[in-house]
Each structure stands twice: as structure tokens, then as C-alpha cells.
């Protein structure tokens, strides 16, 4: 759960690096939360409202952690725009997000695996 909260604390931080675990745990919790809110929306009868509010609330943190994840693989955050290339863009971005980060300092900062975690 701390992975999710750490990303939310870095609400609009687009510099630095994010580990694979930080990115994927945030995405996992975000998908689970969206599913629960969607069911709640359906039960209450406010179909897209609660999920839309949640989406707007986590849009910037999601964008920030994705850009930091690309930085971990020594790619510019602008690579996120490859998502909009039809058919192959999503696959290329997914490969970039799954790749292991560089094990040494790069132009975006030190290796996040070597930086002590602060909980």
C-alpha cells in the first residue's frame, strides 16, 4: 500500500526515477480501486461520476510515475507520447515500462534501488 501512497505524495513530480515495483504496484492498486469504485457507481446509480472523479484525481500522479519510470530506463518522459501511435505505440510503451532500469546513475538521477526508502 505504501507504493500507492508514495506516488500520491509525489503528486506532480516529473523528475527523478521510479522503480518497476513502484510503478506496477501503483497501477495495480489504481486498477483495483477503479474496479471497486465502478461497482459502487453501478450500485448507487451514479454510473460514471465516482470513477471519473477518481480518474481526474490520479491523472497527474499516474503521468508522473510513468514519466519517472521512463527516466529509470534512461528515456525521456516525452516517450510517453508514443502511446498515441496506432497499433504499436501501446506495445512499445509497455515494453519500455517493463524493462529493468539502469543499475547505475543516469542523467535523471541515482538508481532508486540503491537509494534508501523513507516510509
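No lab work stands behind these numbers, since they all come straight from the coordinates. Predicted model, so just to flag it, every value in this text is computed and none were measured. Here the Cβ positions follow ideal geometry from the backbone for every residue, glycine too, while neighbour counts run over all protein chains shown.
Points worth noting:
- Treating r as the C-beta distance of residue 5 and residue 111 and R0 as 22 Å, the FRET efficiency rounds to 0.50.
- Against the main long axis of the alpha-carbon atoms of the chain, helix 20-44 sits at an angle near 10°.
- Debye-formula intensities of the chain, expressed as log10 I(q)/I(0) at q = 0.11, 0.18, 0.19 Å⁻¹, are -0.41, -0.96, -1.03 (one equal scatterer per alpha-carbon, no solvent).
- For the chain, adding -39500 (n - 2.57) for each run of n ≥ 4 DSSP H residues and dividing by the number of residues yields -19000 deg cm²/dmol at 222 nm.
- Cα-based helix-to-principal-axis angle, 49-72 vs the chain, degrees rounded to 10: 10 degrees
- Crossing angle, helix 89-98 versus the chain [Cα axis fit, 0-90 degrees, rounded to tens]: 60 degrees
- Relative contact order (%) - the chain, alpha-carbon pairs under 8 angstrom, separation at least six: 32 percent
- Estimated inter-spin distance, residue 81 and residue 60, nm [label 7 Å along Cα→Cβ]: 2.2 nm
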